[in-house]
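*Asks:* Pasting a structure here, questions to come.
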Amino acid sequence: MSEVEELLESLQNGTMSLDEIAQRFRERSWPRRKTSRPENYIELAAAAQQDPDVYISGSFDDVAAAHQEGRITDAEYTVLSEAVAESKRAEDLRDG
């Protein structure tokens, strides 16, 4: 079980609040997919034929899956996705 899944489980069982988990999400580093953008029609057509991205455990994929499975509410998803975005923006500023 990934750290993200453990935090989401803590939210579900009430051992951590949404605010606590959002703060942890802001403080952690998030894995990113390394993909290049198609530059022309041929590359765009080839990209459309590729399999979808592989599920990455410990990434935002865990949050999206929990939302799709109904384990977190729309409101919780919104708060957590904003926290992930804040973390990634801060990382981009540090690396930029």
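*Asks:* How many of the residues in the range 16-52 are closer than 25 Å to residue 75 by Cβ and of a type in the set (A, V, I, L, M, F, W, C)?
*Replies:* So the answer is 6.
*Asks:* Also, I was wondering about something else. Tally time: how many residues in the range 59-70 are exposed (fewer than 15 other Cβ atoms within 10 Å of the Cβ) and of a type in the set (D, E, K, R)?
*Replies:* Taking the range 59-70 as the starting set, the residues that turn out to be exposed (fewer than 15 other Cβ atoms within 10 Å of the Cβ) are 68-70.
From what is left, the residues that are of a type in the set (D, E, K, R) are 69.
Within the range 59-70, residues that are exposed (fewer than 15 other Cβ atoms within 10 Å of the Cβ) and of a type in the set (D, E, K, R) number 1.
For every residue, the table says whether it meets (1) out of contact with any helix residue (DSSP H, G or I) (no Cβ under 9 Å at 6 or more places or on another chain); (2) surrounded by fewer than 11 Cβ atoms within 10 Å (Cβ to Cβ); (3) within 21 Å of residue 1 (Cβ to Cβ); (4) free of Cβ contacts under 8 Å to residues at least 60 places away in the same chain.
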| position | (1), (2), (3), (4) |
| --- | --- |
| 23 | no, no, yes, no |
| 34 | yes, yes, no, yes |
| 38 | no, no, no, yes |
| 50 | yes, yes, no, yes |
| 57 | no, no, yes, yes |
| 72 | no, no, yes, no |
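*Asks:* For the range 37-59, enumerate the residues that are modelled with pLDDT under 85, touching a Pro at 6+ places or on another chain (Cβ under 6 Å) and small (Gly, Ala, Ser).
*Replies:* 47
*Asks:* Right, something else. Being farther than 13 Å from residue 24 by Cα and within 11 Å of the chain's Cα centre (by Cα) is the filter here; which residues of the range 68-87 pass it? Before you say what the answer is, go through the steps one by one.
*Replies:* Pass one, the range 68-87, residues farther than 13 Å from residue 24 by Cα: 68-78.
77, the sole residue that qualifies.
The values are calculated or read from the model by the stated rules, or taken from the named source; none is laboratory data. All figures in this text were calculated on a predicted structure; none of them were measured in a lab. Every residue, glycine among them, receives a Cβ derived from its backbone with ideal geometry; neighbour counts consider all protein chains shown.
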